[in-house]
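Notes to accompany the following structure.
The values are calculated or read from the model by the stated rules, or taken from the named source; none is laboratory data. All values reported here derive from a predicted model rather than from experimental measurement. Backbone-built Cβ (ideal geometry, glycine too); neighbour counts: all protein chains shown. Protein only, heavy atoms only, side chains kept; ligands, DNA and RNA dropped before computing areas. Shrake-Rupley method; radii C 1.70, N 1.55, O 1.52, S 1.80 Å.
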Protein chains: 2
Amino acid sequence: MLAFLEFANSLADAAREIIAPLFRTPFAVDAKTDNSPVTIADRKAEQKMREMIMQKYPEHGICGEEFGRYNEDAEYCWVLDPIDGTKSFIAGLPTFGTLISLVKNGVPVLGLIDQPINKERWIGGKGIASTFNGKLIKTRPCPKLELATISTTSSYLFTEHEKEKFKKVQKAARYIIYGYDCYAYAQLASGFIDVVIESGLKPHDFCALAAVIENAGGAMTDWEGKPLTLKSDGRVIAAGDRKLHKEILAMLTD
Amino acid sequence: MLAFLEFANSLADAAREIIAPLFRTPFAVDAKTDNSPVTIADRKAEQKMREMIMQKYPEHGICGEEFGRYNEDAEYCWVLDPIDGTKSFIAGLPTFGTLISLVKNGVPVLGLIDQPINKERWIGGKGIASTFNGKLIKTRPCPKLELATISTTSSYLFTEHEKEKFKKVQKAARYIIYGYDCYAYAQLASGFIDVVIESGLKPHDFCALAAVIENAGGAMTDWEGKPLTLKSDGRVIAAGDRKLHKEILAMLTD
């Protein structure tokens, strides 16, 4: 696992080198089929990471946001999101992240979140306690939802039914923070946010986050409490306090 | 005006020295009467700035978020928000800002936005073109709303009636970004965001932003198109492109 961790770091270093110089410069923004934005930074960073993986681990699969799936039924598969939060990237907000995960038989065993501008990196995996820039991190206890800072990127990502459930949780919480994509999960892993609830995510959005959060002491599952895998439906709940995670799950599933 | 600018920079330096060391450390979070959070960083930074103003310009007024108004009918009044985006500050998100404005007879003539963690500073004023870390900035042209990246901190800040109007604008725009408080306006001044629309703001939230944006080539007014002053009602619209600003105003006022 340590060799994989070292390699994940080298992937993130390479992506950072491509992305950082383009931040707050003029570049074209193209629309994908789902109307979400994509830039040369997303594409070049993923291309570079794919080349490095194919060279180092030709037998591994790859599942990337911009260039799709390759050999994804292999025992090991690298799950890549070169820029999670592309809208933040194009708006000059240094709160996007490069997400890299290694999944084994569909289950995340390693996760890395990199913020190329602030030079911040969170990494954790099976048997490897999560760290932030090399320092051990722990999620924080939060005994009651009424004390919790919760976050979601946008309530528009929810269906009407999901929104009702989310609102129930939100109303019981202390503070709500919108926006931030992966960056909110990273702060949860570091112990500054208590709960993140989202829907409509893809494996490249959540695999890395789950590995970092679980190995920092938190819990991150789907809305039924099942571990996240390549096949999860994209509804996720992360909590720093495992007991609180269970309480909120009950509110989402009833 | 240049002496005032130099003094505003020294206020921001002092606030940064107090706020930055507390970021991502454990501190108490108190609730104000409106249930919004306040910390020792907010209080100490404002106290220090007030002391500096009273010593340097004893005849000037002060209007601060945490410690209220003092001699606010003076010709010159300093309008202070030590931490705009306290929720982001407590959640470990480096997108809050220290806001400092000098108003003359109620009208902002100088504005400063400081991000203490990323060491970013925007400043602009009457006769002083706006800068970001010392470099001239310009808002960007955006000929059509359908090409615009728009932002608002939370749609929950709007009344139902305001929300309907905002949604009309949002639906016609290209991208919507939630969260970010003053940091979104700063990116608008730098030419990376096109429109910010909010409601329920106080003078300490908007005076500094208006001065920076207007002197970077953009427009920032209330929802009726009137210049922002200490007496404005807290509904604001900022746009980098002055023509687009007028078009959106028409959508908000009809």
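Note that region A:129-138 has calculated 3J(HN,Hα) couplings of 4, 5, 10, 10, 6, x, 9, 4, 10, 9 Hz, one per residue in order, obtained from phi through the Karplus relation 6.51 cos²θ - 1.76 cosθ + 1.60 (θ = phi - 60°); glycine and proline are x. Within straight-line reach of A:Lys56, meaning a Cα separation under 15 Å, sit the following aspartates and glutamates at least 8 residues removed in sequence or on another chain: A:Glu6. Could you tell me how far the Cα centroid of region B:1-37 sits from the Cα centroid of region A:124-158, in Å? Taking the Cα centre of region B:1-37 as reference, the centre of region A:124-158 is 26 Å away. Residues of region B:145-165 whose accessible area (probe 1.4 Å, heavy atoms of protein chains only) drops by at least 40 Å² once all protein chains are present, relative to their chain alone: B:Tyr156.
With Cα atoms as the point set, the radius of gyration and Dmax of the protein assembly as shown evaluate to 22.7, 74 Å.
Scanning chain B for DSSP H helices at least 18 Å long along the axis (C-alpha atoms) with a Kyte-Doolittle mean no lower than -1.0 picks out B:2-19.
Checking every one of the chymotrypsin sites (Phe, Trp or Tyr not before Pro) in region B:1-73 against DSSP loop status and a limit of 16 other Cβ atoms within 10 Å picks out B:Phe27, B:Phe67.
Per residue, chain A exposes 40 Å² of solvent-accessible protein surface, assessed with a 1.4 angstrom probe and all protein chains in place. Springs between Cα atoms under 10 Å define the GNM used for chain A, and in it the highest mean-square fluctuation of A:Ile213, A:Ile100, A:Ile40 occurs at A:Ile40.
Element breakdown for chain B at a 1.4 angstrom probe: carbon and sulfur atoms account for 53% of the accessible area. Diffusion coefficient of chain B by Stokes-Einstein, Kirkwood radius over Cα pairs, 37 °C, 0.692 mPa s: 183 µm²/s.
For B:Lys104, what is the net charge nearby, where nearby means another residue's Cβ is under 11 Å from its Cβ and Lys, Arg count +1, Asp, Glu -1? Spelling it out: positives minus negatives among the neighbours equals 0. With 30 Å as the limit, the listed pairs A:Lys135/B:Lys87; A:Lys171/B:Lys144; A:Lys144/B:Lys48; A:Lys126/A:Lys163; A:Lys167/B:Lys144; A:Lys165/A:Lys202 have A:Lys171/B:Lys144; A:Lys144/B:Lys48; A:Lys126/A:Lys163; A:Lys167/B:Lys144 beyond it between alpha carbons. Computed FRET efficiency, Cβ-Cβ of B:Ala20 and A:Asp233, R0 30 Å: what is it to the nearest 0.05? Efficiency at R0 = 30 Å is approximately 0.15. Rounded to the nearest 20 debye, the dipole size of the protein assembly as shown about its Cα centre is 280 debye, using +1 on the Cβ of Lys and Arg and -1 on the Cβ of Asp and Glu.
Where only DSSP H runs of four or more residues are counted, the protein assembly as shown gives -10500 deg cm²/dmol as its mean residue ellipticity at 222 nm, each run worth -39500 (n - 2.57). Checking every one of the trypsin sites (Lys or Arg not before Pro) in region A:160-254 against DSSP loop status and a limit of 12 other Cβ atoms within 10 Å picks out A:Lys231. Taking every alpha-carbon pair under 8 Å whose residues sit at least 6 apart, chain A reaches a relative contact order of 16 percent.
Relative to the isolated chain, which residues of region A:92-136 have their accessible area cut by 10 Å² or more in the presence of all protein chains (1.4 Å probe, heavy atoms, no ligands or nucleic acids)? Buried by 10 Å² or more upon assembly, which counts only protein chains, are A:Gly92, A:Leu93, A:Pro94, A:Thr95, A:Asn118, A:Glu120, A:Phe132. Computed on region B:9-148, with alpha-carbon pairs under 8 angstrom and 6+ residues apart, the relative contact order is 16 percent.
Once both labels are positioned 7 Å from their Cα atoms along Cα-to-Cβ, the gap between A:Asn118 and B:Met251 label points is 3.1 nm. Among residues of chain A, the one whose Cβ lies closest to the rotation axis carrying chain A onto chain B, together with that distance rounded to whole Å, is A:Gly179, 1.
Along the charge dipole of region A:1-104, which of A:Pro94, A:Ala3, A:Leu80 sits closest to the positive end, that is, farthest toward it, with unit charges on the beta carbon of Lys, Arg, Asp and Glu (+1, +1, -1, -1)? Farthest along the dipole direction, towards plus: A:Pro94.
In angstrom, the C-alpha Rg and Dmax of region B:2-136 are 14.4, 42. Take the Cβ atoms of B:Tyr70 and B:Tyr156, set R0 to 35 Å, and the FRET efficiency comes out at 0.65.
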